[in-house]
Amino acid sequence: MSNQYDLVIVGGGYSGLMAAKTAGELGLKTVLIEMKHDISKANRVDCQTLLPMAEGEGYLEEIVNLDPKTGVIKFVKNDVSFKSGSPYRNVYGLELDSIDGQTLKFGDPNVQRKLGDKGRICVALDKSKVLASLLEQAKAAGAEVITGTVVTGVSKTDEGVKLTTNKGKEFSATFAIAADGANSKMVQQLGLNKDRGYYSSMTVLGYYAEDLKLPDPEVIYYAVARYEDAGVITAIGPRPYDNKNVVVFICVDCRVDLLKFKEYFTKETKLSKWFEGAKMELVNSSCGNMWATLEKPYKDNVLLVGDTCWCQESENFGALLSGALASRAVKEAIKNNNPTEEGIKSYLEWWDNSFYKNPKYQRDQLMGNYLLGTILNNEEISFLFSKLNTTLPASIHPYTLFADLGEEIGKVAGEIQEKMPSVLAGLGRLQQESPAEILKDAAAAGFPNR
Ligand SMILES: Cc1cc2nc3c(=O)[nH]c(=O)nc-3n(C[C@H](O)[C@H](O)[C@H](O)COP(=O)(O)OP(=O)(O)OC[C@H]3O[C@@H](n4cnc5c(N)ncnc54)[C@H](O)[C@@H]3O)c2cc1C
């Protein structure tokens, strides 16, 4: 038997929950289906920051504010807000590190800290608490939430769309929102992965750490390494609690044994001193496909949000915002009795203007730090960082960050070329080749859900 809704949402991450909260508030008959039993359990590994928030730094043509008293986070231009439900901690800088201890700083934390909130580049949140808070807000707004259920099929109907689940139930709705993340079943079933650029299957191990000996507790560290011929990032970010961090090992090549890398990194590199006497608890591991951004986040009455339609570089920021705006567009279409692509055009226009057709963002792009370890070896990474001994602008903007870096490299290119020409040859690949070409060996070992 089929249940009839205005909107069915697949996935209860940031994007799906924000879509459910918004739809409920707008009076849409909404159901959210999530495969996890406990939505607040953050199975998906991430550094739990909300980025970027540097003073005046726009992202996706938005500015984000956090009210320290109420914990309300607001995307100002689109007038989208939610209660975070989490303590937070300001982050005042980002540092790239080579495994032999060369550093490249984006912002001087001592300078930024003096500016208070105006000096932060982002905030660290407790993702489980935010998920729990969003869930509560979605339910309070009237959205129905079904957990422990996997959506297995999607098809177009005369009235809109029909979804099937692993429990044999059917859900019919005027629209669906696919918010089921990087390995989206919905996108696969809609046929949108068929010709899509695929970078690789990225494996991740996430730990909660206590008592790390970091140079500064309010900085995000990205250690960039090559290991077994692949690029591996170790991202260390603050949690919103004293002496607590998230440590995430990330590899763009799923053949690499990350547990072995973790042992090597925390015991044998120069940075192992950060881990002396620290407690590390493995909290989650995941493998997410890294896809190129889709041209249109819509097909057959299904709107795509968050990681389903772009690379994870839209981040938590983009996931939250796109979820809210997709539900708003659904409301407009239903109100205007126009349940078609034309009816939801405000969402597609937002997507085009703020991201897809925005010259600031390149679609076939992957954050440069993921690729550094593939295009340069450890000696070259160390040499490069040692030559960039200036502090770059305080930022964690996934797109502009590497443009700033490129500019700085340009200033010392002559010296690099003279002393270690292979560095510029390696970096040149970022201009000449797409991420898919650079990662083609890793991609061949991956498992895209086309
Ligand atoms: C290593 C790493 C570090 C990161 N660090 C940061 C960071 O510090 N800051 C930041 O802003 N972003 C970060 N990101 C990106 C961020 O995590 C994602 O962009 C964000 O989680 C996307 O949210 P989402 O709701 O679109 O998808 P997800 O969070 O993946 O949620 C998808 C939901 O759908 C459910 N689901 C999947 N399939 C089905 C199905 N068939 N039926 C029902 N339910 C289903 C899943 O269980 C899940 O709950 C990071 C990502 C990675 C990989």
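The values are calculated or read from the model by the stated rules, or taken from the named source; none is laboratory data. Just so it is clear, the model here is predicted, and its values are computed rather than measured. So basically every Cβ, Gly included, is an ideal-geometry build from the backbone, and we count neighbours across all protein chains shown. When the accessible area is computed, the model is the full protein with side chains, heavy atoms only, and any ligands, DNA or RNA have been set aside. Shrake-Rupley method; radii C 1.70, N 1.55, O 1.52, S 1.80 Å.
List every residue pair whose Cβ atoms lie under 7 Å apart, where the two residues are 6 or more positions apart in sequence or sit on different chains, the first residue falls within the range 356-367 and is closer than 14 Å to S200 by Cβ, and the second residue, located anywhere, is in a loop (DSSP other than H, G, I, E, B).
What qualifies is D364/G197; D364/A292; D364/S434; L366/C311; M367/P398.
Residues are listed down the side, and each one gets a yes or a no for (1) touching a Gly at 6+ places or on another chain (Cβ under 8 Å); (2) at pLDDT 95 or above:
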| residue | (1), (2) |
| --- | --- |
| S2 | no, no |
| L7 | no, yes |
| S15 | yes, yes |
| V31 | no, yes |
| G93 | yes, yes |
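Would you please name the residue that is farthest from the chain's Cα centre (by Cα), looking only at residues in the range 12-22 that are of a type in the set (G, A, S) and within 19 Å of K129 (Cβ to Cβ)?
Across the range 12-22, the extreme among qualifying residues is A20.
Could you check the range 255-290 and list, in sequence order, the residues that are aromatic (F, W, Y) and in contact with a strand residue (DSSP E or B) (Cβ under 6 Å, 6 or more places away or on another chain)?
Those that are aromatic (F, W, Y) and in contact with a strand residue (DSSP E or B) (Cβ under 6 Å, 6 or more places away or on another chain): F261, F265.
Go through (1) surrounded by fewer than 21 Cβ atoms within 10 Å (Cβ to Cβ); (2) in a helix (DSSP H, G or I); (3) modelled with pLDDT of 95 or more; (4) not acidic (D, E) for G277 and report which single condition fails.
(2)
Within the range 355-374, track down each residue that is of a type outside the set (S, T, Y) and in contact with a Leu (Cβ under 7 Å, 6 or more places away or on another chain).
Scanning the range 355-374 gives F355, G368, N369, L371.
Out of the range 160-175, which residues are part of a loop (DSSP other than H, G, I, E, B) and open to solvent by 20 Å² or more (accessible area, probe 1.4 Å)?
N166, K167, G168, K169
Here is a list of conditions, (1) within 26 Å of W310 (Cβ to Cβ); (2) buried (at least 21 other Cβ atoms within 10 Å of the Cβ), and I99 meets all of them except one; can you say which number that is?
(1)
Among the numbered criteria (1) within 29 Å of F402 (Cα to Cα); (2) modelled with pLDDT of 95 or more, which one does R44 miss?
R44 satisfies all of (1) within 29 Å of F402 (Cα to Cα); (2) modelled with pLDDT of 95 or more except (2).
In this structure, is T157 free of Cβ contacts under 8 Å to residues at least 60 places away in the same chain and crowded, with 23+ Cβ neighbours inside 10 Å?
no
I need a count of the residues in the range 30-61 that are over 24 Å from V330 (Cβ atoms), open to solvent by less than 70 Å² (accessible area, probe 1.4 Å), acidic (D, E) and within 12 Å of the ligand (Cβ to nearest atom).
Matching residues across the range 30-61 total 1.
Select, from A235, A230, the only residue that is over 24 Å from T49 (Cα atoms) and of a type in the set (A, V, I, L, M, F, W, C).
Result of the check over A235, A230: A230.
Would a scan of the range 62-80 turn up a residue that is within 15 Å of the ligand (Cβ to nearest atom) and open to solvent by 20 Å² or more (accessible area, probe 1.4 Å)?
Among the residues of the range 62-80, not one is within 15 Å of the ligand (Cβ to nearest atom) and open to solvent by 20 Å² or more (accessible area, probe 1.4 Å), which makes the answer no.
Just wondering, is there one or more residues in the range 176-184 that are within 12 Å of the ligand (Cβ to nearest atom), assigned to a loop (DSSP other than H, G, I, E, B), surrounded by fewer than 23 Cβ atoms within 10 Å (Cβ to Cβ) and hydrophobic (A, V, I, L, M, F, W, C)?
yes
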